[in-house]
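The values are calculated or read from the model by the stated rules, or taken from the named source; none is laboratory data. All values derive from a computational prediction rather than experimental measurement. Every residue, glycine as well, gets a Cβ built from its backbone with ideal geometry; the counts of neighbours run over all protein chains shown.
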Ligand SMILES: Nc1ncnc2c1ncn2[C@@H]1O[C@H](COP(=O)(O)OP(=O)(O)OP(=O)(O)O)[C@@H](O)[C@H]1O
Ligand SMILES: Nc1ncnc2c1ncn2[C@@H]1O[C@H](COP(=O)(O)OP(=O)(O)OP(=O)(O)O)[C@@H](O)[C@H]1O
């Protein structure tokens, strides 16, 4: 259905091709996953299927791409629209109408479908993607994940034979991601739809793939094959594969279920290792003089080993205090009766379903959103009444779309503006950029940076004012595993210096790596607030893969398991 024949793409002005030697075929009715580190050309390959590359992007395409027999070089995207539905990385760039219902109907209107067919399909799609409550809403008032669901819905309604999706679950909460993937799988199995999708969070998608195309490095020829075989050699892989490689499992399990079946021996080794540690520690350490010190149970010890250590035990002053906060946005109650305190050195993951109120809560801490009722204090100040110059020294937000924070033409100009805004010594921001992003030149345009690089630049801009409270909205969206690991290192160092960090995230693996505490929001209310391990272990949606595989033992990350076995 989709055929690449020795395809290479070179963008204008580029010395090297973005991709080359791409040669594979996606048969009708298969779901093929495109994987690889950031910048290897996944979006370029997807664009060549929908015709956006090279018709809209410019550059040259060598070789041949055909979709349902049509050559995408001789057919413009509009001449492929009846066969191919495309969702790009940025849902906002995708929307052409103002409301949810109109957006779902738009693609069908342009194909000239009958009104009664359109009506039926809009209703079906609203139900299928859980959008019924939002049908009349202006798109501008939707949360990030709600927008992504509308973008996906709008390409499903015309029933295209081919779907091309670039990171379709990046803004979705874990349950919504599962729902969307189940819908795609049903289309593939029941209607014979052909799906090619790129995704960084492989833990969410690998089990749905019939086959995987791996782009291992920029310009390197892709590898095409069975998911487990490709994962065995891939530079990017989900935690289940990381654990499988560590334990020496072959063939590699790709699902939690398959991994659990293999995990008995690993659980025993881990229990022995924990017992051994206790024994060794028992010999080395003389018994405590006081019997009042509680002796941790084995479970408690595993628990502590796998979770990041909690911040300072003496009660420090709060950096932020939220009391009985309610926020109404237009007619929507986005937050109700929220109480929250944040202490220095603490990293909090704010989690919950799309539209639960996470971004609104971050917005209220940084003065972008005014409380309807209740109080918000950050460093003793009321954010929405504090002048920006004062506020930047108390709190900084790296927004969901780092581009929103970057408006200059060069990295140097961006940094100079950040120094001025923060009242910092000239050169402060540039020094941070050099530390976090070595090799970036002054004259680079922020637009030409990769997602991960742009996020890091935005982080440097915010950190220029050294705010004691750092807020990040969905910081791992679009990041590959290596970029995520670098972000984790940076954030851990900041927390160790005493910065408090609050991140709104759907990335359960990130929360497990870095958060001391998880706050769960549902429908504008806090429904759980406690140590990461306690909150995520008990939640089927928010538990990381390692936790599910090794339950009832309580492990959060592969690195904790690796350390215990060492
Ligand atoms: N329109 C364009 N013009 C010039 N260069 C581009 C264009 N689009 C992408 N590139 C470059 O081509 C290379 C491949 O980019 P592409 O976006 O396809 O990678 P990707 O694997 O999708 O990355 P990510 O995972 O970060 O989305 C990168 O070096 C990128 O900078
Ligand atoms: N400008 C606005 N006007 C009206 N309603 C809004 C506006 N912005 C957000 N909302 C609504 O407020 C609720 C909370 O949105 P918010 O963006 O805080 O959710 P979120 O938890 O960050 O979601 P996501 O995980 O999808 O990013 C949602 O129902 C959303 O549709």
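Within the bounds of the stretch 123-134, is there any residue that is free of Cβ contacts under 8 Å to residues at least 40 places away in the same chain, more than 24 Å from residue 334 (Cβ to Cβ), touching a helix residue (DSSP H, G or I) at 6+ places or on another chain (Cβ under 8 Å) and surrounded by fewer than 16 Cβ atoms within 10 Å (Cβ to Cβ)?
Looking for residues that are free of Cβ contacts under 8 Å to residues at least 40 places away in the same chain, more than 24 Å from residue 334 (Cβ to Cβ), touching a helix residue (DSSP H, G or I) at 6+ places or on another chain (Cβ under 8 Å) and surrounded by fewer than 16 Cβ atoms within 10 Å (Cβ to Cβ), one finds none in the stretch 123-134, hence no.
Search the stretch 245-279 for residues being touching a helix residue (DSSP H, G or I) at 6+ places or on another chain (Cβ under 7 Å) and in a loop (DSSP other than H, G, I, E, B), and hand back the single one that is nearest to residue 549 (Cα to Cα).
263
State whether one or more residues within the stretch 288-306 are under 30 Å from residue 421 (Cα atoms), at pLDDT below 90 and surrounded by 11 or more Cβ atoms within 10 Å (Cβ to Cβ).
From the stretch 288-306, those under 30 Å from residue 421 (Cα atoms) are none; that's our starting set.
Within the stretch 288-306, none of the residues are under 30 Å from residue 421 (Cα atoms), at pLDDT below 90 and surrounded by 11 or more Cβ atoms within 10 Å (Cβ to Cβ).
With respect to residue 528, determine if the residue is away from ligand 2 (no atom under 16 Å from the Cβ) and either surrounded by fewer than 22 Cβ atoms within 10 Å (Cβ to Cβ) or not assigned by TED's automatic domain parsing to the domain that holds residue 37 (or both). Lay out the reasoning, then the answer.
Numbers: away from ligand 2 (no atom under 16 Å from the Cβ): no; either surrounded by fewer than 22 Cβ atoms within 10 Å (Cβ to Cβ) or not assigned by TED's automatic domain parsing to the domain that holds residue 37 (or both): yes.
Against the criterion (away from ligand 2 (no atom under 16 Å from the Cβ) and either surrounded by fewer than 22 Cβ atoms within 10 Å (Cβ to Cβ) or not assigned by TED's automatic domain parsing to the domain that holds residue 37 (or both)), residue 528 does not qualify.
Is there a residue in the stretch 392-401 that is assigned by TED's automatic domain parsing to the domain that holds residue 492, in contact with a helix residue (DSSP H, G or I) (Cβ under 7 Å, 6 or more places away or on another chain) and in a helix (DSSP H, G or I)?
no
Are there any pairs, at least 6 apart or on different chains, whose C-beta atoms fall under 7 Å, with the first in the stretch 447-468 and farther than 16 Å from residue 392 by Cα and the second more than 16 Å from ligand 1 (Cβ to nearest atom) and in a helix (DSSP H, G or I), and if so, which?
Going by the 7 Å Cβ cut-off, the qualifying pairs are 456/436; 457/414; 457/433.
Does residue 350 meet the test of being in a strand (DSSP E or B), within 9 Å of ligand 2 (Cβ to nearest atom) and modelled with pLDDT of 95 or more? Give the derivation first.
Values: in a strand (DSSP E or B): yes; within 9 Å of ligand 2 (Cβ to nearest atom): yes; modelled with pLDDT of 95 or more: yes.
Spelling it out, residue 350 is indeed in a strand (DSSP E or B), within 9 Å of ligand 2 (Cβ to nearest atom) and modelled with pLDDT of 95 or more.
Just checking, does the stretch 34-50 include any residue being touching a residue at least 12 places away in the same chain (Cβ under 8 Å), within 21 Å of residue 477 (Cβ to Cβ) and more than 12 Å from ligand 1 (Cβ to nearest atom)? Step through it out loud before you land on a result.
Of all residues in the stretch 34-50, those touching a residue at least 12 places away in the same chain (Cβ under 8 Å) come to 34-46, 48-50.
In the following step, the residues that additionally are within 21 Å of residue 477 (Cβ to Cβ) were identified as 34-46.
The next check asks that each one be more than 12 Å from ligand 1 (Cβ to nearest atom); those that pass are none.
No, there is no match, as no residue in the stretch 34-50 is touching a residue at least 12 places away in the same chain (Cβ under 8 Å), within 21 Å of residue 477 (Cβ to Cβ) and more than 12 Å from ligand 1 (Cβ to nearest atom).
Quick check on this structure: which one of 69, 58, 107, 63 is within 15 Å of ligand 1 (Cβ to nearest atom) and either closer than 23 Å to residue 222 by Cα or crowded, with 21+ Cβ neighbours inside 10 Å (or both)? It would help to see each step written out before you state the result.
Working: 69 fails: within 15 Å of ligand 1 (Cβ to nearest atom); 107 fails: within 15 Å of ligand 1 (Cβ to nearest atom); 63 fails: within 15 Å of ligand 1 (Cβ to nearest atom).
Going through 69, 58, 107, 63 in turn, just one is within 15 Å of ligand 1 (Cβ to nearest atom) and either closer than 23 Å to residue 222 by Cα or crowded, with 21+ Cβ neighbours inside 10 Å (or both): 58.
Pick out the one residue from 422, 413 that is free of Cβ contacts under 8 Å to residues at least 40 places away in the same chain and farther than 29 Å from residue 145 by Cβ. Please lay out each step first, then the result.
On the way: 422 fails: free of Cβ contacts under 8 Å to residues at least 40 places away in the same chain.
Only one candidate qualifies: 413.
Give the residue that is nearest to residue 494 (Cα to Cα), with candidates limited to residues of the stretch 432-453 that are modelled with pLDDT of 85 or more and crowded, with 20+ Cβ neighbours inside 10 Å.
If we take residues in the stretch 432-453 being modelled with pLDDT of 85 or more and crowded, with 20+ Cβ neighbours inside 10 Å, then 432 is nearest to residue 494 (Cα to Cα).
Looking at the stretch 226-244 only, could you name the residues that are buried (at least 16 other Cβ atoms within 10 Å of the Cβ) and closer than 28 Å to residue 16 by Cα?
Listed by number, the residues that qualify are 230, 231, 234, 236, 237.
Residues are listed down the side, and each one gets a yes or a no for (1) more than 19 Å from residue 522 (Cα to Cα); (2) touching a residue at least 60 places away in the same chain (Cβ under 8 Å):
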residue	(1), (2)
337	no, yes
369	no, no
375	yes, no
380	yes, no
398	yes, yes
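For the stretch 505-525, enumerate the residues that are assigned to a loop (DSSP other than H, G, I, E, B) and within 10 Å of ligand 2 (Cβ to nearest atom).
Step one: filter the stretch 505-525 for residues assigned to a loop (DSSP other than H, G, I, E, B), giving 505-507, 515-516, 523-524.
Selection gives 505, 506, 523, 524.
Could you grab me the full set of residues in the stretch 85-144 that are within 14 Å of ligand 2 (Cβ to nearest atom) and farther than 26 Å from residue 401 by Cα? Reasoning before the result, please.
The first filter runs over the stretch 85-144 and keeps only residues within 14 Å of ligand 2 (Cβ to nearest atom), leaving 91-92, 98-100, 129-144.
Across the stretch 85-144, the qualifying residue is only 132.
Checking the conditions here, which among 502, 536 is surrounded by 21 or more Cβ atoms within 10 Å (Cβ to Cβ) and in a helix (DSSP H, G or I)?
Numbers: 502 fails: in a helix (DSSP H, G or I).
After ruling out the rest, the residue left standing is 536.
Filter the stretch 152-181 for residues that are under 17 Å from residue 104 (Cβ atoms), touching a helix residue (DSSP H, G or I) at 6+ places or on another chain (Cβ under 7 Å) and within 16 Å of ligand 1 (Cβ to nearest atom) and give the result.
168
Which one of 32, 40 is at pLDDT 95 or above and either closer than 18 Å to residue 225 by Cβ or away from ligand 2 (no atom under 16 Å from the Cβ) (or both)?
Working: 40 fails: at pLDDT 95 or above.
The match here is 32.
Of the residues 7, 26, which single one is closer than 19 Å to residue 87 by Cα, more than 12 Å from ligand 1 (Cβ to nearest atom) and either assigned by TED's automatic domain parsing to the domain that holds residue 63 or modelled with pLDDT under 95 (or both)?
Working: 7 fails: closer than 19 Å to residue 87 by Cα.
Going through 7, 26 in turn, the sole match is 26.
Give me a count of the residues in the stretch 402-423 that are surrounded by fewer than 18 Cβ atoms within 10 Å (Cβ to Cβ), at negative phi and assigned to a loop (DSSP other than H, G, I, E, B).
Let us first name the residues in the stretch 402-423 that are surrounded by fewer than 18 Cβ atoms within 10 Å (Cβ to Cβ), namely 403-404, 407-410, 412-413, 416-417, 420-421, 423.
Adding the requirement that they be at negative phi leaves 403-404, 407-410, 412-413, 416-417, 420-421.
Imposing the further condition that a residue be assigned to a loop (DSSP other than H, G, I, E, B) reduces the set to 407-410.
Residues in the stretch 402-423 being surrounded by fewer than 18 Cβ atoms within 10 Å (Cβ to Cβ), at negative phi and assigned to a loop (DSSP other than H, G, I, E, B): 4 in total.
Please indicate, with yes or no, whether at least one residue in the stretch 366-386 is surrounded by 16 or more Cβ atoms within 10 Å (Cβ to Cβ), within 16 Å of ligand 1 (Cβ to nearest atom), outside the structural domain of residue 147 (by TED's automatic domain parsing) and in a loop (DSSP other than H, G, I, E, B).
no
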